Amino acid sequence: MKSNKLILIPLFFLVFNLNAQNNADQLPIRAIVYHGDTLPYMPLDTITYYYYKFEGSNKEYIAYTKLVRDVKKAYPYAKLIANKVNEINKYLNSISNSKQLEKEKDRLEKELRAQYEKDLKNLTRTQGKILIKLIYRETKKTSYNLIKDYRGGFLTSIYQGLAKIFGLDLKETYDPNGKDRNIEIIVTLIENGQL
């Protein structure tokens, strides 16, 4: 009889450690009722899949891989420029004195030139052309209008003339559904982390 009690005592303590349902490792999720049945609702991120079929010679394939390389090089600068434009606009809008505003514009231009001019000069013409288009994509303003907002019309015309000499156009816009479709596909793949 004594041995039965000794066996029952450890079993008695084991009962307190048993859990039929442990809520510690469960996550609450949303659910929807569909025809009387409760189903879990888990929204998923949109996945964009592009298939680019290279027909014909390898020229298209080589051109596409070069475009991928150039967009990968120019896109981070376009994002950076868009962020800087937003920051600078907020800062300059807080200045009410016109003389102080011009001094700040000059200071900011010198600061940005010192920081980014060397990197931007290392871009090829094709990468520069793509950068101009991507700046429009990110800011909804042409590079010409951005320069005009900060430096005035005369200096902008000089920059446009220099760009024309190198085969570029600061007034270039971005058409994601037309001639710039391949660039848009590449940018979307970069944003989704697929490229």
| task | Straight distance only, please: which lysines reach the Cα of LYS133 with their own Cα at less than 21 Å, same-chain residues fewer than 8 apart left out? | result | LYS66, LYS72, LYS73, LYS79, LYS84, LYS118, LYS121, LYS141, LYS148, LYS164, LYS171, LYS179
| message | Give me the one-decimal nm value for the distance between modelled label points at THR38 and ASP119, 7 Å along each residue's Cα-to-Cβ direction. | response | 5.2 nm
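Rule-based calculations on the coordinates, nothing more; no lab input. Just so we're clear, the structure is a prediction, and the values are computed from it rather than from any experiment. All Cβ positions, glycine included, derive from the backbone under ideal geometry; neighbour counts span all protein chains shown.
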